[in-house]
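Participant: Can you read through this structure? Questions will come right after.
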Amino acid sequence: MDVTQFMRIAVPLAGALRKMHDRGLIHKDVKAANVLVDLARGGVWLTGFGIASRLPRASGPGAARGDRRNARLYGAGTDRWMNRLVDSRSDLYALGVTSTRC
């Protein structure tokens, strides 16, 4: 894929994640299989919201943790080994990994 075509997909996808994060949501399953692209019309859609959740308002015992049942290849925040808090950075990491796999 050439750089121009890549940017036509990556920019709207990053924008969609930003809008989600601004609304307090975490996708938690960003991967190539959850991205729909219509190259002819220039449309890009993010799908796969089955395990999406609200961003935690504070860290601590009640904050969202990675779901070991839904651990994925791309997710930083659902890291099975680190047991770290899940936040918007997890989606951004997964977006970066996804873009290198396309």
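Participant: Within region 29-50, how many residues turn out to be surrounded by 15 or more Cβ atoms within 10 Å (Cβ to Cβ) and either farther than 28 Å from Leu85 by Cα or in contact with a Phe, Trp or Tyr (Cβ under 9 Å, 6 or more places away or on another chain) (or both)? Break it down stepwise before answering.
Facilitator: So the first thing to find is which residues in region 29-50 are surrounded by 15 or more Cβ atoms within 10 Å (Cβ to Cβ), and the list is 29-31, 34-35, 37, 44, 46, 48.
Cutting the leftovers down to either farther than 28 Å from Leu85 by Cα or in contact with a Phe, Trp or Tyr (Cβ under 9 Å, 6 or more places away or on another chain) (or both) gives us 29-31, 34-35, 37, 44.
Number satisfying all stated conditions: 7.
Participant: Quick check: is even one residue across region 26-43 more than 14 Å from the chain's Cα centre (by Cα), within 17 Å of Thr98 (Cα to Cα) and aliphatic (A, V, I, L, M)? Steps first, please.
Facilitator: First, the residues of region 26-43 that are more than 14 Å from the chain's Cα centre (by Cα): 37-43.
Going one step further and asking which of them are within 17 Å of Thr98 (Cα to Cα), we end up with 37.
Okay, now just the ones that are also aliphatic (A, V, I, L, M), so 37.
So far as region 26-43 goes, yes, one or more of its residues are more than 14 Å from the chain's Cα centre (by Cα), within 17 Å of Thr98 (Cα to Cα) and aliphatic (A, V, I, L, M).
Participant: Tell me whether region 52-67 contains one or more residues that are surrounded by 13 or more Cβ atoms within 10 Å (Cβ to Cβ), modelled with pLDDT of 65 or more, within 22 Å of Ser99 (Cα to Cα) and not hydrophobic (A, V, I, L, M, F, W, C).
Facilitator: The first filter runs over region 52-67 and keeps only residues surrounded by 13 or more Cβ atoms within 10 Å (Cβ to Cβ), leaving 52-53, 55-56, 63-67.
From what's left, modelled with pLDDT of 65 or more: 52-53, 55-56.
Pick out the ones that are also within 22 Å of Ser99 (Cα to Cα) and you get 52.
Pick out the ones that are also not hydrophobic (A, V, I, L, M, F, W, C) and you get none.
No - not one qualifying residue is present in region 52-67.
The values are calculated or read from the model by the stated rules, or taken from the named source; none is laboratory data. Being a predicted model, the structure only gives us computed values, none of them experimental. Backbone-built Cβ (ideal geometry, glycine too); neighbour counts: all protein chains shown.
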